[in-house]
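Written below as structure tokens is the structure these notes are about.
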Amino acid sequence: SKPTVTLQPNGPVVYRGENVTLRCEIQGGGGAQWTYEWSPTNRNSPTSSEFRIIRVSESDSGTYWCIPKGNYLITDWSDAFSLTVR
């Protein structure tokens, strides 16, 4: 199934200076060794399921996607997640 991006703490609106974590979740993905590609890529784009942003700023606002890749399987890109920093 299509992966989803969730935000901790719950958003999509967060406030400047907060630390936030975007998480890429895929249902039924147990057993595979997954790596993750995130878009947009930036200085801290991980290959893990979590994309942490320390002290968010307005420049971090925007649309994020993830795509899990594992055991020669590539899922669809997730639905777009829109992050707003105020």
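Values for this structure:
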| read-out | value |
| --- | --- |
| Qualifying residues in the stretch 48-68 (those that are part of a strand (DSSP E or B) and open to solvent by 70 Å² or more (accessible area, probe 1.4 Å)) - the one modelled with the highest pLDDT | Trp65 |
| Pairs where the first residue, in the stretch 15-41, is under 19 Å from Trp77 (Cβ atoms) and the second is modelled with pLDDT under 90 and among the basic types (Lys, Arg), C-beta under 8 Å, 6+ apart | Trp34/Lys69; Thr35/Lys69; Tyr36/Lys69; Glu37/Lys69 |
| Odd one out for Val56, checked against (1) in contact (Cβ under 8 Å) with a residue 40 or more places away in the chain; (2) under 14 Å from Thr6 (Cα atoms); (3) not polar (S, T, N, Q) | (2) |
| Top-ranked residue in the stretch 69-86 [being surrounded by 14 or more Cβ atoms within 10 Å (Cβ to Cβ) and outside any strand (DSSP E or B); ranked as modelled with the highest pLDDT] | Ser78 |
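The values are calculated or read from the model by the stated rules, or taken from the named source; none is laboratory data. A quick note: this is a predicted structure, and the numbers were derived from the prediction, not measured. Heads up, the Cβs are rebuilt from the backbone with ideal geometry, glycines too, and the neighbour counts pull from every protein chain shown. Heads up: the accessible areas ignore ligands, DNA and RNA and are worked out on the full protein's heavy atoms, side chains in. Shrake-Rupley method; radii C 1.70, N 1.55, O 1.52, S 1.80 Å.
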